[in-house]
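Asks: Dropping a structure here in structure tokens format, bear with me for questions.
The values are calculated or read from the model by the stated rules, or taken from the named source; none is laboratory data. For clarity, every value in this text was computed on a predicted model and none was experimentally measured. Every residue, glycine as well, gets a Cβ built from its backbone with ideal geometry; the counts of neighbours run over all protein chains shown. Only protein heavy atoms, including side chains, enter the accessible area calculation; ligands, DNA and RNA are left aside. Shrake-Rupley method; radii C 1.70, N 1.55, O 1.52, S 1.80 Å.
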Amino acid sequence: LSPALTSRELMATAPLADEARSALAHLVRDAELGHFGGRPLGEADYLRCLEQFRRFVAACAKPSR
């Protein structure tokens with residue numbers, strides 16, 4: 001098995017459009033703050049992440065240029 005990539009490694013190597021990369025970066029940041037930073041995440045964080053996820057999906061659904 002190959003080693004797993006960290007979220008930052010994925011961000012650096014994934015071929016993503018700028019908008020998708022930006023949305024994913026926000027998701028990664030919040031996940032890291034909650035998981036590694038010990039910051040309790042609440043409803044506002046969930047709603048912000050949900051919006052970023054929707055932005056990510058929409059950006060990925062756009063045809064490549």
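Asks: Only one of (1) at pLDDT 90 or above; (2) part of a helix (DSSP H, G or I); (3) touching a helix residue (DSSP H, G or I) at 6+ places or on another chain (Cβ under 7 Å) fails for residue 33. Which number is that?
Replies: (3)
Asks: What tally of residues in region 42-65 results from selecting those that are touching a residue at least 40 places away in the same chain (Cβ under 8 Å) and outside any helix (DSSP H, G or I)?
Replies: The initial filter retains those residues of region 42-65 that are touching a residue at least 40 places away in the same chain (Cβ under 8 Å), namely 59-60, 62, 64.
Filter once more, so that each one left must be outside any helix (DSSP H, G or I): 62, 64.
Selection size over region 42-65: 2.
Asks: I'd like the full set of residues that are in a helix (DSSP H, G or I) and open to solvent by less than 80 Å² (accessible area, probe 1.4 Å), limited to region 1-30. I'd like the intermediate steps shown before the answer.
Replies: Just the residues of region 1-30 that are in a helix (DSSP H, G or I), to begin with: 7-13, 18-30.
Correct list: 7, 11, 20, 21, 22, 23, 24, 25, 26, 27, 28, 30.
Asks: Taking region 31-59, which residues are open to solvent by less than 60 Å² (accessible area, probe 1.4 Å) and among the acidic types (Asp, Glu)?
Replies: Within region 31-59, 32, 45 meet the criteria.
Asks: Would you please list the contacts, defined by Cβ atoms under 7 Å and residues six or more apart or on different chains, that run from a residue in region 3-15 that is touching a residue at least 12 places away in the same chain (Cβ under 8 Å) to a residue that is open to solvent by less than 80 Å² (accessible area, probe 1.4 Å) and of a type in the set (Val, Ile, Thr)?
Replies: If the second residue must be open to solvent by less than 80 Å² (accessible area, probe 1.4 Å) and of a type in the set (Val, Ile, Thr), the pairs left are 7/28; 11/28.
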